Amino acid sequence: MSEVQVFAENVIGNIERVIVGKRATVELAVVGLLSQGHVLIEDVPGVGKTMLARSLACSLGCSFGRIQFTPDMLPSDVTGVSVFNQATREFEFRPGPVMTQIVLTDEINRATPKTQAALLEVMEERQATVDGVTHVLPKPFMVLATQNPIEYEGTFPLPEAQLDRFLLRIRLGYPNMDDEMSVLDRQQFHHPIEDLEPVVTVEEVLQAQELIKNVYVSPAVKRYIVEIVEQTRRHPDVYLGASPRGSLTLYRAGQARAAMDGRDYMLPDDVKALAVAALGHRVIVGPRARLQNLTSENILEDILEEMPVPEGDLRTRE
C-alpha cells in the first residue's frame, strides 16, 4: 500500500500549505476521497471550511465546480437545463455546475428542500436526470458540502436521507495561537491557495481508490464494526441509530485509513478513529438526551469505550 501512502502524503502536504495545524481533519477529507464518498464540512464561519474544500480540489487534477447555495436557487441551477436552439430546432442540454468531478456546495443548508433533493440522485448514483434524460457524471466524483451549524435563520436543515449520503462529517475548529499567527504570516501579501497546483492526476486518484479495496479486513474487525453500529440502534439515548450504510462507511473508510498508513490490513484503531466522523451525523439523539445536552458524539464515545476491542493477529488471511 506504499502507492496509496505516497499519494495521500502528496495531497495532504499540498493542502497543508493553505490549512494550517489541522492535519487530522485534512486526513479525514482524503479518506473521504479514497473511499469514493462525499464529505460534509460543518463548522462556524471563518475557520476555513471553503478553503479546505477548494484546497483539496486544487490538489487533484480534476475538473472543479462550485455552487453557492441560496434560498432562491432552483434544481436546474444545480443539475443543468435543456434549452431550445432556434437554429437547429432541437433542445440542447446545458450542464450545471454539478457536472464536474469535484463539486463544492457552499452553505448547502441555505437551499430549499426541493433544490437539496436535486443532489440526492447525484450523490448516490453518480448521475443526474434532466427532462427524462440521464446524464452520467465523470469519475472520480465527489461532493464537498459546507454548512454553519450555529446560524439557523433562513436555513433548511438537511433531512436524514441526505445526511446519510455523506460518508463523513468533519469539523475544523479554531486554530491555536501559533497556528493562527502562521496564517497571518502566510497571507501577508496574497492567499497561498493562489499558488496551489495539482500534485496528482485523475488516473492516480482512480488507481488509489481501487487499491484501497485490497486492504484485508479480518472477520473480528468486521464484527467489531457491526457491533458498534448495532449498539447505536439499541442505545437508550438514541432515537434512530445508524443504518447499514454506516457499517459500509466504516468498512471502506477504515480500508482507506489503513492504506494511507502503509498497511494492507485494517486494525480496530482505524475503526475507532473514524467512528465519530462516519456515524455522528447518522445517529439521531432522543428528546431526553437533548435536554441533557448529550450529542451523538458523546454517545459514540461511550459506545467505543465500553465495546471490547478485538485481539490477536488481525493480519492473517484465512
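The values are calculated or read from the model by the stated rules, or taken from the named source; none is laboratory data. None of these values were measured; they are calculated from a predicted model. Here the Cβ is made from the backbone with ideal geometry for all residues, glycine too, and neighbour counts use every protein chain on show.
Is it the case that segment 192-205 has a residue that's without any contact (Cβ under 8 Å) to a residue 40 or more places away in the chain, within 24 Å of THR25 (Cβ to Cβ), assigned by TED's automatic domain parsing to the domain that holds GLN116 and not polar (S, T, N, Q)? Yes; the residues of segment 192-205 include at least one that is without any contact (Cβ under 8 Å) to a residue 40 or more places away in the chain, within 24 Å of THR25 (Cβ to Cβ), assigned by TED's automatic domain parsing to the domain that holds GLN116 and not polar (S, T, N, Q). The set of residues from segment 81-113 being closer than 21 Å to GLU42 by Cα and surrounded by fewer than 15 Cβ atoms within 10 Å (Cβ to Cβ) comprises just one member, PRO113.
Among all residues of segment 95-106, there is none that is among the hydroxyl-bearing types (Ser, Thr, Tyr), part of a helix (DSSP H, G or I) and in contact with a helix residue (DSSP H, G or I) (Cβ under 9 Å, 6 or more places away or on another chain).
Can you find, within segment 9-29, the residue that is nearest to the chain's Cα centre (by Cα) among those that are of a type in the set (Gly, Ala, Ser) and part of a helix (DSSP H, G or I)? The residue in question is ALA29.
Within segment 259-288, the residues that satisfy the criterion of being in a loop (DSSP other than H, G, I, E, B), more than 21 Å from the chain's Cα centre (by Cα) and closer than 14 Å to TYR216 by Cα are GLY262, ARG263, ASP264, LEU267. Applying the criterion of being touching a residue at least 12 places away in the same chain (Cβ under 8 Å) and outside any loop (DSSP other than H, G, I, E, B) to the residues of segment 289-301, the residue that is farthest from GLU230 (Cα to Cα) is ALA289. Across segment 138-148, not a single residue is classified as in contact with a Gly (Cβ under 6 Å, 6 or more places away or on another chain) and either surrounded by 12 or more Cβ atoms within 10 Å (Cβ to Cβ) or small (Gly, Ala, Ser) (or both).
Please determine whether any residue of segment 271-282 is farther than 27 Å from PRO149 by Cα and outside the structural domain of ILE41 (by TED's automatic domain parsing). Taking every residue of segment 271-282 in turn, none turns out to be farther than 27 Å from PRO149 by Cα and outside the structural domain of ILE41 (by TED's automatic domain parsing). Remark: pairs (first residue in segment 238-266, among the polar types (S, T, N, Q); second residue at pLDDT below 90 and part of a helix (DSSP H, G or I); Cβ separation under 9 Å; 6+ apart in sequence or on different chains) are absent.
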